[in-house]
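The values are calculated or read from the model by the stated rules, or taken from the named source; none is laboratory data. What you see is a predicted model, and the numbers here were worked out from it, not measured in a lab. Glycine also receives a Cβ, built like all others from the backbone with ideal geometry; neighbour counts cover every protein chain displayed. Side chains included, ligands, DNA and RNA excluded: accessible areas come from the protein's heavy atoms. Shrake-Rupley method; radii C 1.70, N 1.55, O 1.52, S 1.80 Å.
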Amino acid sequence: MRVKEGMEIGRSRELYRRAQELLPGGVNSPVRAFKSVGGEPLFIQKGKGARIWDEDGNEFIDYCMSWGPLILGHADDEVVAAVTGAAAKGTSFGTPNRYEVEIAEAVTGRFASMEKMRFVSSGTEATMSAIRLARGYTGKERIIKCDGCYHGHADHLLVAGGSGLATFGTPDSAGVTPGNARDTLVIPYNDLGALEETLKRHDGTVAAFILEPVPCNYGLIVPDAGYLKGVRELCDRHGVLLIFDEVITGLRLAPGGAQEYFGVRADITTLGKIIGGGLPVGAYGASREIMSLVAPEGPVYQAGTLSGNPLAMAAGIATLRRLEAIDAYGTLQNRAMRLKQRLGPVLDQYRGRVLFLQLESIFALYFNSGTSVRNLEHVKASDMKLFARFHGEMLKRGVYLSPSGYEVGFLSTTHGDGEIERTADAAAESLREILK
Ligand code: KE4
């Protein structure tokens, strides 16, 4: 594997200098700034399949995949054709359009718990609206979330756990007022006892429990056997709505997301990423009864200039059609197995120092002595400085990992044997370099 020592990044560097003059941190979303892995962000010019090229022409095998949407890889021909075809007829009308109906039929056909749905333009809008809907439907004010689960940047969800087991949240960002955090209770993930205690202590006041069924924003944390079923039972017992934030897992773990994969129904589901094929999208859905509360049918207000945008909807329809046409989930399982098989012998040499976790086409790498990751504490025990060095070594070898040890990696249907071989070789050399 030729190490790209002294990789030419002059064009990215110049763009970054200009960007920092105009955009906070030079980026439009913080994690892109490479702050937690060091170095300067690369400005990506194009992508095709599993590969991306930066402005200086450096080529990488991409495992960030725009943080999850690109399950079919970059610039899938049919998705691009759908977007360009839609754009040629106009980019937005602010009126109902046929694409919204077609994609709503496709999505609700995959999620038994979603009889009706509403499209918005981001995952943040989806979860913010889902919480408002839960409060409007139940008439209750409090929500429960899990420490380490990320649901976008709505004030009442930028709330961290306190020291105790089940505590009132504390603002996790400047500008989030105690008043905004006051009605958010925070508990550990994979802990049914904490959920039960919180539900009992606040019985009758909790509108909903929102969680990532598989947390992917603080590394990858896999639910304990029975955890999600236990959550369902406790929410039913206490009359609390269960919101599954499937912005990442929806259409990724299975066509019907984590709900299909684990066999646990949510009351309200939020989606994003894959259903927009890489264009701005979010959505939330539930039973007819719950969704009847949403304006203009009901009193829960929510709106959006570009909600249901024809280009995003066309990209989503093309994505869902392709996923079905190419048996994508069989392919993704095969790709995931291949990656595990090829990385296995490499990682075995560092048992007790490196932990590779994978759930289908989602994976995370921890520099950690543990053998499993069940909660936040396990993730916090990882050496993020080592991850930063690993990230840099892999970049030099032409592999682009998500630029944070708290983020996960994604496979797509386009990560072929060649890409996986190169990745395993790069990992072997990078680990040798940093753990020698
Ligand atoms: P957006 O508002 O970024 O579209 O979605 C927010 C969101 C909601 N729920 C889950 C489970 C999510 O993972 C996200 C956003 N994910 C992050 C990456 N893990 C987006 C990347 C970024 O913030 O730049």
Response to the item:
Contact list, first residue from segment 32-58 and more than 20 Å from P69 (Cα to Cα), second anywhere and among the acidic types (D, E) and away from the ligand (no atom under 16 Å from the Cβ), beta-carbon distance below 6 Å, six or more apart or interchain, is D56/E8
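Pick from R201, R252: which is away from the ligand (no atom under 15 Å from the Cβ) and either of a type outside the set (G, A, S) or closer than 22 Å to E407 by Cβ (or both)?
Values: R252 fails: away from the ligand (no atom under 15 Å from the Cβ).
Answer to the selection: R201.
G277: on the phi > 0 side of the Ramachandran plot, within 16 Å of the ligand (Cβ to nearest atom) and surrounded by 20 or more Cβ atoms within 10 Å (Cβ to Cβ), yes or no? Please lay out each step first, then the result.
Numbers: on the phi > 0 side of the Ramachandran plot: yes; within 16 Å of the ligand (Cβ to nearest atom): yes; surrounded by 20 or more Cβ atoms within 10 Å (Cβ to Cβ): yes.
When the stated conditions are applied, G277 passes them.
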Worksheet item: Quick one: is R432 outside any loop (DSSP other than H, G, I, E, B) and open to solvent by 50 Å² or more (accessible area, probe 1.4 Å)?
Response: yes
Response to the item:
Checked segment 255-274 for anything within 12 Å of the ligand (Cβ to nearest atom) and in a strand (DSSP E or B); matches are T269, T270, L271, G272
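Go through segment 281-305 residue by residue and tally those that are more than 13 Å from S129 (Cα to Cα) and buried (at least 18 other Cβ atoms within 10 Å of the Cβ).
Of the residues in that region, 1 qualify.
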Fill in: Selection within segment 229-249 - β-branched (V, I, T), within 13 Å of the ligand (Cβ to nearest atom) and either more than 24 Å from F363 (Cβ to Cβ) or open to solvent by less than 10 Å² (accessible area, probe 1.4 Å) (or both)
I243, T249
Response to the item:
Across segment 95-153, the tally of residues that are surrounded by fewer than 22 Cβ atoms within 10 Å (Cβ to Cβ), closer than 17 Å to G239 by Cα and within 16 Å of the ligand (Cβ to nearest atom) stands at 1
Item to complete: Enumerate the pairs (first residue in segment 97-117 and farther than 15 Å from S307 by Cα and outside the structural domain of A258 (by TED's automatic domain parsing); second residue anywhere and among the charged types (D, E, K, R) and not in a strand (DSSP E or B)) with beta-carbon separation below 9 Å, excluding pairs fewer than 6 apart on the same chain, so at least 6 apart or on different chains.
Response: none
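Give V159, V222 a once-over and let me know the one that is β-branched (V, I, T) and buried (at least 20 other Cβ atoms within 10 Å of the Cβ). Talk me through it step by step, then tell me what you get.
Values: V222 fails: buried (at least 20 other Cβ atoms within 10 Å of the Cβ).
Of V159, V222, the one residue that is β-branched (V, I, T) and buried (at least 20 other Cβ atoms within 10 Å of the Cβ) is V159.
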Worksheet item: Taking segment 345-403 as the search range and keeping residues that are closer than 14 Å to Y218 by Cα and among the acidic types (D, E), which one is most open to solvent (accessible area, probe 1.4 Å)?
Response: E377
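Restricting attention to strands (runs of 3 or more DSSP E) lying wholly within segment 4-66, give those where 1 or more residues are within 15 Å of the ligand (Cβ to nearest atom).
Values: elements: 44-48, 51-54, 59-62.
Passing ranges, in order: 44-48, 59-62.
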Fill in: Pairs, first touching a residue at least 60 places away in the same chain (Cβ under 8 Å) and part of a strand (DSSP E or B) in segment 358-370, second open to solvent by 20 Å² or more (accessible area, probe 1.4 Å) and β-branched (V, I, T), C-beta under 6 Å, six or more apart
L359/V222
